[in-house]
1. Which pairs have Cβ atoms under 6 Å, sit 6 or more apart or on different chains, and link a residue in the range 141-159 that is under 13 Å from Arg19 (Cα atoms) and outside any helix (DSSP H, G or I) to one that is open to solvent by less than 90 Å² (accessible area, probe 1.4 Å) and of a type in the set (Gly, Ala, Ser)?
2. I need the full set of residues from the range 186-216 which are touching a Leu at 6+ places or on another chain (Cβ under 6 Å) and at pLDDT 75 or above, in order please.
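The values are calculated or read from the model by the stated rules, or taken from the named source; none is laboratory data. Since the structure is predicted, the reported quantities are computational estimates derived from the model, not experimental observations. Every residue, glycine as well, gets a Cβ built from its backbone with ideal geometry; the counts of neighbours run over all protein chains shown. The area values use the complete protein model at the heavy-atom level, side chains included, leaving out ligands, DNA and RNA. Shrake-Rupley method; radii C 1.70, N 1.55, O 1.52, S 1.80 Å.
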Amino acid sequence: MTVTTPPTTAPTTTALSERTRLALEIAGLGLVAGLIGDGLLRAMPWGLNVTLGVAALVGAGLWLMQRHKIQAGPDTPWLAITALLLGAAFLRRDSEELNAFNILALILTLALTAASVQRERVSTWYPLDYVRGAVTSAFHSVIGSLQLIFSDIQWRELPETGRLRHARGALLGTLIAIPLLVIFAGLFASADPVFNNFLSSVLSFNIESAAEHTFLF
């Protein structure tokens, strides 16, 4: 009499969709770009640091578009070149007034580039369309990260095994522990003056410096 054992099946892994993969890469590059921007743009007066920051931003966008074969509008290459030239302009100008106008032109160019990546034909826009494009880009700059994290990234597609599973567990545990830690730290600080002084010295920071870092990031 022979006993047959059922064949073992390997655990199945869910493949990431193209949208989730792109969103994860955008989030990763966004974190790196934020750190680079915070490290570069705090040095005044602006010059080579702005040139390098703009070049890194345009290079990251170009890499993502080529990697994921994103079909952008026909004006995107010219707008990207314009952004690079505006960034390089900080190398040859030291006038604060000219730099202020240059910053405005760079912001507008990046806003138009963002619209062109969405297959908008910027060259055929009317004046009101430029206002719409600038407002839309500003709106997406403010809330775009929230949409990226909670909508574009489909977290259920991420594998439940391996290092990623432990990373997700650690992140969830941290998010749960932080509010409890703040509450109990406040209670202990109110009851013990020594602990209150220690906590104040550990958590003391410059609000203006923190706001500057956050804005540049």
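1. Ile153/Ala23
2. Of everything in the range 186-216, just one residue is touching a Leu at 6+ places or on another chain (Cβ under 6 Å) and at pLDDT 75 or above, namely Leu216.
A quick yes/no check of all residues on (1) open to solvent by less than 30 Å² (accessible area, probe 1.4 Å); (2) in a helix (DSSP H, G or I):
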| residue | (1), (2) |
| --- | --- |
| Glu25 | no, yes |
| Gly34 | yes, yes |
| Gly39 | no, yes |
| Val50 | yes, yes |
| Ala56 | no, yes |
| Gln66 | no, yes |
| Gln71 | no, no |
| Ala80 | yes, yes |
